[in-house]
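Working notes, beginning with the structure itself.
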Amino acid sequence: MSQLLPTDGPAAAEIDLPLSPEVTEPPGAPQLYDAGTLAALLRVADLTLTDEWQQKLLATVNDLEPALHRLRALDLGETPPATAFDARWF
Amino acid sequence: MSTDLSMNSSAADAASHSHKFLTIADAAAALRDGSITSVALTADIVEKATALNPALGAYVTITGDAALAQAAAADVAFAAGNDFGPLQGIPLAIKDIIAMKGAGTTANSRVLDPAWGAGTDAPVVARLRAAGSVFVGKSTTSEFALGMPDASKGFPVPHNPWDVERTPAGSSSGTGIAVAAGLALGGLGTDTGGSVRGPACVNGHTGLKVTFGRVPKSGVVPLAFSLDSIGPMARSAYDCALLLEVMAGYDASDPNAADVEVPKYSELLNGDIDGLKIGLPIPYFFDHDQLEPEVRDAVLSGVQQLVGMGATSKEMALPYAAEAKDANMLILGAEAYAYHRNNLVNRWEDYGNLTRPTLARGAFYTAADYAQASRFRSMWSAEVAKAFEHYDVLITPSAPSPAQLVKDMDPSQRLVQPSYTGHWNLTGLPAVAIPSGFTASGLPLSMQIIGKPFAEATVLKVADALQRVTNWHLLHPPVETLYATAA
C-alpha cells in the first residue's frame with residue numbers, strides 16, 4: 001500500500017498498516033442465473049412477468065453474482081447473525 | 001392549499017430578486033435582530049421553489065399557504081417575546097416518505113395508499129413543528145427511497161442544480177436540491193445505504209446519517225427496517241447540529257429508538273480538534289481503481305487541514321470493505337423485497353420502470369444469504385469496533401466520483417461499483433458528508449467523517465472545524481440561469 005499523504009512537515013501521516021485481506025472472487029464460481037433459473041425463481045416468487053421483463057431482469061441479476069459469491073465464500077465460524085445495530089458492539 | 005407545480009408565471013419576477021443562500025444560523029440571527037421576518041423569508045423561498053421546480057424537481061408538493069401561516073405564527077411569537085429556539089421561523093423541506101400534517105405522502109409512487117400517514121406528523125416532524133419550523137413542502141424522493149426517477153409516473157424528476165444533466169443522487173434528492181439551490185434552509189432525508197449523504201455529496205452541502213435509533217423513524221415509509229435512519233441535511237455542519245438537537249431522542253413509537261441522552265450539539269462545536277485521532281482506511285476507500293483522483297485528493301487535502309489544526313492521521317485498513325458493501329446491499333434488498341412483495345405480485349405495472357428490477361432482485365437471494373449477510377454484519381461491526389479503539393473518527397471519500405451524467409447511469413450499477421456509505425448503515429454508525437472542494441469542471445466534491453455510536457457531536461465537530469477554515473459549503477449553484485429554463 002502506497003502512502004498517500006506527504007511524509008514531511010506537520011501534516012505528515014503516520015503509517016501503521018495491517019493490510020486488508022485481498023478481495024477476490026472465488027475461482028471457478030458457477031454462474032447462478034440463466035433464463036431457466038430466473039423463470040423458476042420468478043414462479044417461486046409468484047411474479048408473472050412478460051418475456052421482455054424477464055430479459056430485463058436477467059440482465060441485472062447477473063450483477064448480483066460477484067457479491068453473492070464473495071459473501072457465501074466467507075467462513076464465519078460460530079458468528080451469530082445481527083438483526084440490527086447493537087451499541088454493545090462498540 | 002398546495003401550489004400547482006406547473007405554475008411558473010412568477011419566474012420573471014423571482015429572477016429579479018436578490019437570492020440569498022442563508023445558513024440556518026445566519027437566518028436565526030437575522031430573525032432575532034429584526035433584519036428579516038419569517039414571512040418575508042418564507043415568501044421568497046416559496047416563490048423561488050415554485051419558479052424553479054419545473055427545472056429542478058425538488059418538491060412533490062409545495063405547501064405555500066401552510067408555510068406562510070407557520071411563518072406568520074413564528075413572527076407573532078418573536079414579537080411576543082416567545083423564542084422556541086434557532087429553528088423558529090426557519091423554512092425546511094420534508095422528504096416525501098415522512099408523514100406531515102396537511103400534505104399527503106406519496107413516496108413518489110403510485111403504489112403507496114394515498115391515505116398513508118394522512119393527518120399525522122411523524123414524531124420527528126412534530127418535534128420540528130413544535131420548535132417553530134416552517135415546512136415549505138414535501139421534497140422529491142426516489143420511489144420508496146430506492147428506485148431511480150421515472151417521468152412516466154407523473155412525479156417531478158429531480159435534477160442536480162450544478163448541472164441539470166447530472167444526477168442529484170438519491171434517495172433524498174429533493175431535500176438535497178432544495179438546500180443547495182436555496183429552496184429551503186435545511187430539511188429531512190432518510191438514509192439506508194447513503195440516501196442522505198449521496199445527495200449532500202453531489203449537490204454540495206452537508207448531510208448527516210445518524211446512529212441507528214438516534215432519531216425515531218416511525219411515521220416514515222420503511223425501506224429496510226434494520227438499516228433505516230432519518231438525518232438532517234443543511235448547508236453547514238453547524239446547521240445540522242441545530243436540526244439534530246431538535247430531531248433526536250427516544251420515542252416509544254419506534255421499537256428501534258434509542259433511549260440515549262441528546263447533547264446540545266451546537267454548543268459542542270467550538271473548532272477545537274487538538275489531539276483528534278483520524279484513521280484513513282486506505283484499501284478500497286482510497287485505492288480503488290474506480291475512485292477518481294480529484295475525489296481522493298480533495299479528501300486528503302481536507303485531512304491535511306485537520307492535521308494542521310492539531311489532529312493526527314494514520315493510514316490503516318478495514319478488512320472486508322467490499323463484502324461490507326455487498327452485505328448492506330443484500331440486507332437492504334431482502335428487507336425491501338419483504339415489504340413490497342405482495343404489491344410487486346399484484347401491482348407490478350404501478351411501480352416505476354427502474355424501481356421494479358431493483359426491488360425484484362430481492363426475490364433471488366436465499367434465506368441463507370440473508371442470514372450469512374447478517375452474520376457478516378456481526379463480524380464486520382466487530383472489526384470496525386476494533387479500529388475505533390485507536391481512532392476517534394474515520395475519514396473516507398463520500399463517493400468514488402462526482403455527480404454522474406444521468407444518461408450514463410445504469411440501474412444496476414450500484415451493484416458493481418464501489419460505494420463508501422452503506423458500510424456505516426451496516427454498523428449503525430454516524431457519518432457526515434461535507435463538501436471538500438470542486439472538480440476542475442465545477443462539480444462539488446465530498447468527504448465523509450465516521451464516528452463511534454452516538455458520537456454525532458464528534459463527527460459534526462470535525463466537520464464544523466473544517467468548515468470554519470473553508471467555504472465550500474457556502475458556495476451555491478448558479479440557479480439564476482435556471483429561471484430562463486423554468487420560464
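The values are calculated or read from the model by the stated rules, or taken from the named source; none is laboratory data. Just so we're clear, the structure is a prediction, and the values are computed from it rather than from any experiment. Note that each Cβ is placed from the backbone with ideal geometry, even for glycine, and that neighbours are counted across all protein chains shown.
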For this session: Can you give me the number of residues within region B:301-324 that are more than 8 Å from chain A (Cβ to nearest Cβ) and within 25 Å of residue A:84 (Cα to Cα)?
Result: 1
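Here's the yes/no breakdown for (1) without any contact (Cβ under 8 Å) to a residue 60 or more places away in the chain; (2) within 22 Å of residue B:419 (Cβ to Cβ):
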position: B:213; (1), (2): no, no
position: B:223; (1), (2): no, yes
position: B:229; (1), (2): no, yes
position: B:251; (1), (2): no, no
position: B:257; (1), (2): yes, no
position: B:263; (1), (2): no, no
position: B:303; (1), (2): no, yes
Exercise. Considering region B:341-360 alone, what residues qualify as being buried (at least 17 other Cβ atoms within 10 Å of the Cβ) and assigned to a helix (DSSP H, G or I)?
Worked result: B:341, B:344, B:348, B:355, B:356, B:357, B:358, B:359, B:360
Problem set entry | Test: residue in region B:131-144 that is of a type outside the set (Gly, Ala, Ser), over 20 Å from residue B:29 (Cβ atoms) and surrounded by fewer than 23 Cβ atoms within 10 Å (Cβ to Cβ) | no
Problem set entry | Pairs with Cβ under 6 Å, 6+ apart, first in region B:369-384 and at negative phi, second among the β-branched types (Val, Ile, Thr) | B:373/B:331; B:375/A:79; B:378/A:79; B:379/A:79; B:381/B:427; B:384/B:427
For this session: Could you tell me whether region B:320-340 includes any residue that is in a loop (DSSP other than H, G, I, E, B), over 27 Å from the mean Cα position of the chain (by Cα), closer than 28 Å to residue B:376 by Cα and not charged (D, E, K, R)?
Result: no
Exercise. On the given criteria, is residue B:96 more than 16 Å from residue B:232 (Cβ to Cβ), of a type outside the set (Gly, Ala, Ser) and surrounded by fewer than 24 Cβ atoms within 10 Å (Cβ to Cβ)?
Worked result: no
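Here's the yes/no breakdown for (1) polar (S, T, N, Q); (2) touching a Gly at 6+ places or on another chain (Cβ under 8 Å); (3) closer than 27 Å to residue A:44 by Cα:
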position: B:286; (1), (2), (3): no, no, no
position: B:296; (1), (2), (3): no, no, no
position: B:299; (1), (2), (3): no, no, no
position: B:336; (1), (2), (3): no, yes, yes
position: B:351; (1), (2), (3): no, yes, yes
position: B:366; (1), (2), (3): yes, no, yes
For this session: Looking only at region A:10-22, decide whether some residue is at pLDDT 60 or above and surrounded by 11 or more Cβ atoms within 10 Å (Cβ to Cβ).
Result: no
For this session: Go through region B:35-153 and tell me which helices (runs of 4 or more DSSP H), entirely inside it, have 1 or more residues that are basic (Lys, Arg).
Result: B:38-56, B:123-130
Exercise. Does residue B:118 satisfy being free of Cβ contacts under 8 Å to residues at least 60 places away in the same chain, under 18 Å from residue B:356 (Cα atoms) and among the hydrophobic types (A, V, I, L, M, F, W, C)?
Worked result: no
Exercise. Which condition breaks for residue B:385 when tested against (1) at the interface with chain A (Cβ under 9 Å from one of its Cβ atoms); (2) crowded, with 17+ Cβ neighbours inside 10 Å?
Worked result: (2)
For this session: Any residue in region A:65-90 that's within 26 Å of residue B:364 (Cβ to Cβ): show its pairings with residues that are among the basic types (Lys, Arg) at Cβ separation under 6 Å, as long as the two are six or more apart or on different chains.
Result: A:76/B:375; A:79/B:375; A:81/B:375; A:82/B:377
Problem set entry | Check on residue B:363, part of a helix (DSSP H, G or I), in contact (Cβ under 8 Å) with a residue 12 or more places away in the chain and more than 19 Å from the chain's Cα centre (by Cα) | yes
For this session: Counting only residues that are modelled with pLDDT under 95, give me the helices (runs of 4 or more DSSP H) lying completely in region B:373-487 with at least 1 of them.
Result: B:413-416, B:482-486
Problem set entry | So residue B:287, is it among the charged types (D, E, K, R) and touching a residue at least 24 places away in the same chain (Cβ under 8 Å) | no
Exercise. Hey, among the residues in region B:325-342 that are among the charged types (D, E, K, R) and under 13 Å from residue B:360 (Cα atoms), which one's nearest to the other protein chains (Cβ to nearest Cβ)?
Worked result: B:341
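I'm trying to understand the selection: among the residues of region B:304-314, which are part of a strand (DSSP E or B) and either surrounded by 21 or more Cβ atoms within 10 Å (Cβ to Cβ) or under 23 Å from the mean Cα position of the chain (by Cα) (or both)?
Initial filter on region B:304-314 (part of a strand (DSSP E or B)): B:312-314.
Across region B:304-314, the qualifying residue is only B:313.
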For this session: Can you tell me which residue among B:350, B:369 is of a type in the set (Asp, Glu) and at the interface with chain A (Cβ under 10 Å from one of its Cβ atoms)?
Result: B:369
For this session: Determine, yes or no, whether residue B:151 is free of Cβ contacts under 8 Å to residues at least 12 places away in the same chain and either under 11 Å from the mean Cα position of the chain (by Cα) or surrounded by fewer than 24 Cβ atoms within 10 Å (Cβ to Cβ) (or both).
Result: yes
Exercise. Touching a residue at least 24 places away in the same chain (Cβ under 8 Å), within 14 Å of chain A (Cβ to nearest Cβ) and either within 24 Å of residue B:157 (Cα to Cα) or surrounded by fewer than 24 Cβ atoms within 10 Å (Cβ to Cβ) (or both) - does that describe any residue in region B:430-452?
Worked result: yes
For this session: Taking the residues in region B:202-259 that are closer than 29 Å to residue A:81 by Cβ, of a type in the set (S, T, N, Q) and away from chain A (no Cβ under 14 Å) as candidates, determine which candidate is nearest to the chain's Cα centre (by Cα).
Result: B:218
